[in-house]
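Down below is the structure, laid out as structure tokens.
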Amino acid sequence: MTAASTTPSILDRSRADLEAWCAAAGEPAYRAGQIATWLYRQGAGEFAAMRNLPAALREALAAAFAIDLPEVAHVARSHDGTRKLLLRLADGATVESVLIPDEARLTLCVSTQVGCAMGCGFCATATLGLHRHLRRGEIVGQFLVARALVAADLAGSPEGVAPARITNMVFMGMGEPLHNYDGTIGAIETLTADWGVDFSHRRITVSTVGLLPEMRRLLADTRVNLAVSLTAIDQDVRRRIMPVSRKYPVEDLLATCRALPLPRRKRITFEYVLLAGVNDAPTQAKALARALAGIRCKVNLIPFNPFPGAAFGRSDDLAVARFQDALRNAGVHATVRESRGPDIAAACGQLVAEGAARRTPARAAATLPAAAPHAGDGH
Ligand code: SAH
């Protein structure tokens, strides 16, 4: 954690890399399995703790690698139990991960980039621009520190806080996972491999703005669930709020989704951020339902979460209900995503990794259209 960022992080390495390194160091291949067990099952933060390795090997590892776990710089807790972790990476960059308890689930939302290049007009992360991609180990590292935090919490409360472990993971934090394809796919490998964390691919969802070639690759390379942030079905509207639509128009996005080789019983989740007066009219819901015909999918409606300086307003509860009804009446499975952690700016589209500094929504209130009150965020 304190090692200079020039030392390679062992968390960036695949099992094959570790075996190759062991071979070069004159060690048998099974040592790679032992090292991975320490890293991903035991959550070891230092090589000295790897007791079943010969001392010379531990020293050689420590000379060659760092274990670059992100440092937990701050934990913000929401009234609703959501926790937002501000994580500092080895080079000082910060990202956020969010832990979201929901009855039997505890979902970890991870970031894949520092900032984001996609420029969606309704997302706070977009205002940062892209600083850099996260490396494989930095994405896996978010899981490792969150898991340790959850375990420590349990130790501190005798009656325990259910659920006791992370049950689901979503790649829906800061950044566009498929823009950082290698980091994302590498992290998924470490997370799902039996030599790694051994987390079920069925409980992992990757969300994308719709980078078409990478969506196809993801479906070919993994069995994780796919979520697509659609948010507008009209090309003119989507172009305006999601610049990615200039490169990949709505029509091509839908054609790609229709042709994806979805595994049996799997559906694509379409996320749809409801922006007051922009994309929340019942006629737009009907157009959406028509466009989705023939795609095995469900729609997850996300009422817009405001952030300072945002130029959009949140659809009111009635508009949300009407939109959902229109979809359902047209035979589309539609759910509304509850805002989780809005009081700590941990909800969808609010992640900017600024630490505890920014809190006042005064600027947002000043710039939001008067017709779009953002009360009733769910807190
Ligand atoms: N870049 C990926 C991963 C981020 S997921 C993607 O866009 O899919 C974050 C989700 O939150 C996306 O579905 C996005 O459309 C949604 N979102 C972004 N800003 C939001 C906001 N201000 N309020 C509600 N949802 C928002």
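The values are calculated or read from the model by the stated rules, or taken from the named source; none is laboratory data. Model, not experiment: these values are computed from the prediction. Here the Cβ positions follow ideal geometry from the backbone for every residue, glycine too, while neighbour counts run over all protein chains shown. Just the protein is used for accessible areas: all its heavy atoms, side chains included, with ligands, DNA and RNA removed. Shrake-Rupley method; radii C 1.70, N 1.55, O 1.52, S 1.80 Å.
Condition check ((1) more than 30 Å from P163 (Cα to Cα); (2) surrounded by 16 or more Cβ atoms within 10 Å (Cβ to Cβ); (3) not assigned by TED's automatic domain parsing to the domain that holds I166) across all residues:
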| position | (1), (2), (3) |
| --- | --- |
| W21 | yes, yes, yes |
| R41 | no, no, yes |
| N52 | yes, no, yes |
| A55 | yes, no, yes |
| L87 | no, yes, no |
| A90 | yes, yes, no |
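Within the range 274-297, the set of residues being open to solvent by less than 30 Å² (accessible area, probe 1.4 Å) and touching a Leu at 6+ places or on another chain (Cβ under 8 Å) comprises L274, D280, A285, L288, A289, A291, L292, I295. Checked against the criterion of being in contact (Cβ under 8 Å) with a residue 24 or more places away in the chain, within 19 Å of C123 (Cβ to Cβ), surrounded by 20 or more Cβ atoms within 10 Å (Cβ to Cβ) and of a type in the set (S, T, Y), the range 309-326 contains one or more residues that satisfy it.
Residue-by-condition table, conditions (1) in contact (Cβ under 8 Å) with a residue 60 or more places away in the chain; (2) open to solvent by 30 Å² or more (accessible area, probe 1.4 Å); (3) within 15 Å of I139 (Cβ to Cβ):
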residue: A48; (1), (2), (3): no, yes, no
residue: A60; (1), (2), (3): no, yes, no
residue: P70; (1), (2), (3): yes, no, yes
residue: K84; (1), (2), (3): yes, no, no
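In the range 1-77, counting only helices (runs of 4 or more DSSP H) that sit wholly within it, the ones holding 3 or more residues that are closer than 24 Å to G183 by Cβ span 15-24, 30-36. Within the range 161-179, the residues that satisfy the criterion of being within 16 Å of the ligand (Cβ to nearest atom) and open to solvent by 10 Å² or more (accessible area, probe 1.4 Å) are N168, V170, M172, G173, G175, H179. Scanning the range 113-124 for residues that are under 14 Å from the mean Cα position of the chain (by Cα) and open to solvent by 40 Å² or more (accessible area, probe 1.4 Å) yields nothing.
In the set V299, V250, V237, V278, only one residue is under 26 Å from P213 (Cα atoms), more than 24 Å from the chain's Cα centre (by Cα) and more than 10 Å from the ligand (Cβ to nearest atom); that residue is V237.
Would you point out the residue of the range 182-233, among those that are of a type in the set (S, T, Y) and out of contact with any Pro (no Cβ under 9 Å at 6 or more places or on another chain), that is surrounded by the fewest Cβ atoms within 10 Å (Cβ to Cβ)?
First, pick out the residues of the range 182-233 that are of a type in the set (S, T, Y): 184, 190, 192, 200, 205, 207-208, 222, 229, 231.
Next, only the ones that are out of contact with any Pro (no Cβ under 9 Å at 6 or more places or on another chain) stay: 190, 192, 200, 205, 222, 229, 231.
Working: T190: 25, T192: 20, S200: 14, T205: 18, T222: 17, S229: 24, T231: 26.
Residue satisfying both the conditions and the ranking: S200.
Would you check if there is a residue in the range 125-132 being more than 16 Å from the ligand (Cβ to nearest atom), open to solvent by less than 30 Å² (accessible area, probe 1.4 Å) and not in a strand (DSSP E or B)? Looking for residues that are more than 16 Å from the ligand (Cβ to nearest atom), open to solvent by less than 30 Å² (accessible area, probe 1.4 Å) and not in a strand (DSSP E or B), one finds none in the range 125-132, hence no. Checking I188 against (1) free of Cβ contacts under 8 Å to residues at least 40 places away in the same chain; (2) closer than 21 Å to L87 by Cα; (3) within 14 Å of the ligand (Cβ to nearest atom), which test does it fail? Against the list (1) free of Cβ contacts under 8 Å to residues at least 40 places away in the same chain; (2) closer than 21 Å to L87 by Cα; (3) within 14 Å of the ligand (Cβ to nearest atom), I188 comes up short only on (3).
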